[in-house]
Amino acid sequence: MAESTREPILEVRNLVKHFPLTQGIVFQRQVGAVRAVDDISFELYPGETLGIVGESGCGKSTVAKLLMSLERPTSGEIFYKGEDISRLSGRALKAVRRNIQMVFQDPYTSLNPRMTVGDIIGEPFEIHPEVAPKGDREAKVRELLDVVGLNPEYINRYPHQFSGGQRQRIGIARGLALNPEIIICDEPVSALDVSVQAQVINLMEKLQDEFGLSYLFIAHDLSIVRHISDRVGVMYLGKMVEIGSDSAIYDHPTHPYTQALLSAVPLPDPDAREGRERIILTGDVPSPANPPSGCRFRTRCWKAQDRCSEELPVLAVPQRFADADTAVAHESACHFAEEKPHVAHA
């Protein structure tokens, strides 16, 4: 079904998160702000996986924390099924969190080493007892272990008795416990070996089909994002610079930053590597406490002109692609967006 004919399950509008920079020990005063997330908007549709990619420090994980209300936004709105949840607290927030769960990046630190697997997976039932009565909880935990491919007899083991991939399966089981509609995945496989990454990704795809889940999948590995995502958003220094279907982003990138990222993706085919132009970015990522004027990417962009320093580009379909087919026509925040097809095939 086309996106225009269905309602998003999650909608983010002009989301901003600035962390204050203070000076002084006793009498602290604000002297600036780290602009971790700076006015981004996107939608997540039922049953869809939206991938968010970008370099470390671009604001991806802050977006995840804002969606889970682990951080409060400086401004902007987050809508779940049409309701603004960005300022909820207490019981109202608790009710929403039942439907929006999170799988964390590091399975070695996100599981309490003093708790058994049964206690870890069953803990959400303590907070939401209406989901599973006390007498049914052990059976429910065993069922969840089986669903994620672990032996239900492991229920009394501790996290240190499992491998990294098994620990992440435990984290996924915990995320599934309350039957959520949305799971926020914050780099869920980056701490795992490559062979294990594929197993976990395949499990997540299977669970999505089985339970009708919507994923926001945050990662820096472009190959993994392409494998699991229906649409992809590219972030740079707190801004969303390009967003579109996976085929649009990977086969027809129009933003220079996306083109540079894709040119660095390893290719197994020697002939494809030979024919690909490698884009080497110069300079470092600017500080989010003092971002460049105009386009955030201009200090590293080979297309930058005077206009780029004076005018902030808007995320929109470039006019030159407005009449193109949907594989090409997608939103990009660049004054000089240019299609560069087949940059990389991950």
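The values are calculated or read from the model by the stated rules, or taken from the named source; none is laboratory data. If you're wondering where the values come from, they're calculated on a predicted model, not measured in any experiment. Positions of Cβ are generated from backbone atoms using ideal geometry, with glycine treated the same way; all protein chains shown enter the neighbour counts.
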Inset, instruction - State yes or no: is ILE172 hydrophobic (A, V, I, L, M, F, W, C) and under 21 Å from SER214 (Cα atoms)? - result: yes
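It is to be established whether one or more residues within region 121-137 are more than 27 Å from LEU67 (Cβ to Cβ) and touching a Gly at 6+ places or on another chain (Cβ under 7 Å).
Here is the first cut: in region 121-137, the residues more than 27 Å from LEU67 (Cβ to Cβ) are 133-137.
Checking the rest, the ones that are also touching a Gly at 6+ places or on another chain (Cβ under 7 Å) come to 137.
Yes, because at least one residue in region 121-137 is more than 27 Å from LEU67 (Cβ to Cβ) and touching a Gly at 6+ places or on another chain (Cβ under 7 Å).
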Inset, instruction - Mind listing whichever residues of region 46-88 are closer than 14 Å to TYR215 by Cβ and polar (S, T, N, Q)? - result: THR49
Inset, instruction - Working only within region 305-320, note down all residues that are under 28 Å from the mean Cα position of the chain (by Cα), assigned to a loop (DSSP other than H, G, I, E, B) and not β-branched (Val, Ile, Thr). - result: GLU311, LEU312, PRO313, LEU315, PRO318
Legend entry - Selection count where residues are more than 22 Å from GLN197 (Cα to Cα) and among the aromatic types (Phe, Trp, Tyr), scope region 101-157: 1
Inset, instruction - Could you pull out the residue among VAL265, VAL232 that is at pLDDT below 85 and of a type in the set (A, V, I, L, M, F, W, C)? - result: VAL265
Inset, instruction - State the number of residues belonging to region 156-177 that are farther than 17 Å from ASP106 by Cβ and either buried (at least 19 other Cβ atoms within 10 Å of the Cβ) or among the polar types (S, T, N, Q) (or both). - result: 4
Inset, instruction - Please note which helices (runs of 4 or more DSSP H) are completely contained in region 100-189 and include at least 3 residues that are under 21 Å from ILE224 (Cα atoms) and in contact with a Phe, Trp or Tyr (Cβ under 8 Å, 6 or more places away or on another chain). - result: 164-176
Legend entry - Failed criterion for PRO288 (all others in (1) more than 24 Å from HIS220 (Cβ to Cβ); (2) at pLDDT 70 or above hold): (1)
Inset, instruction - Please indicate, with yes or no, whether at least one residue in region 17-34 is in a strand (DSSP E or B), under 20 Å from ARG296 (Cβ atoms) and in contact with a Ser or Thr (Cβ under 7 Å, 6 or more places away or on another chain). - result: yes
Inset, instruction - Scan region 260-267 and give yes if some residue there is farther than 21 Å from GLY59 by Cα and not hydrophobic (A, V, I, L, M, F, W, C), otherwise no. - result: yes
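Being hydrophobic (A, V, I, L, M, F, W, C), exposed (fewer than 14 other Cβ atoms within 10 Å of the Cβ) and not in a loop (DSSP other than H, G, I, E, B): is that true of VAL96 here? Give the derivation first.
Working: hydrophobic (A, V, I, L, M, F, W, C): yes; exposed (fewer than 14 other Cβ atoms within 10 Å of the Cβ): no; not in a loop (DSSP other than H, G, I, E, B): yes.
Judged against the criteria, VAL96 is not a match.
With the condition being in contact with a helix residue (DSSP H, G or I) (Cβ under 8 Å, 6 or more places away or on another chain) and over 26 Å from CYS301 (Cα atoms), I'd like the strands (runs of 3 or more DSSP E) fully within region 199-268 carrying at least 2 qualifying residues.
Working: elements: 214-218, 231-236, 239-245.
The strands (runs of 3 or more DSSP E) meeting that bar are 214-218.
Of all residues in region 35-64, which are more than 18 Å from PRO286 (Cβ to Cβ) and in a helix (DSSP H, G or I)?
We begin by selecting, within region 35-64, every residue more than 18 Å from PRO286 (Cβ to Cβ); these are 41-53, 61, 63-64.
Residues satisfying the conditions are SER61, VAL63, ALA64.
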Legend entry - region 24-60 - residue that is surrounded by fewer than 21 Cβ atoms within 10 Å (Cβ to Cβ) and small (Gly, Ala, Ser) and, of those, modelled with the lowest pLDDT: GLY24
Inset, instruction - Given the conditions (1) among the aliphatic types (A, V, I, L, M); (2) surrounded by 20 or more Cβ atoms within 10 Å (Cβ to Cβ); (3) not in a strand (DSSP E or B), report the number of the one that LEU70 does not fulfil. - result: (2)
Legend entry - Selected residue (criterion: nearest to ASP146 (Cα to Cα)) from residues of region 177-214 that are hydroxyl-bearing (Ser, Thr, Tyr) and within 16 Å of the chain's Cα centre (by Cα): SER214
Legend entry - Residue in region 73-88 that is nearest to the chain's Cα centre (by Cα), counting only those that are closer than 23 Å to LYS239 by Cβ and among the charged types (D, E, K, R): GLU77
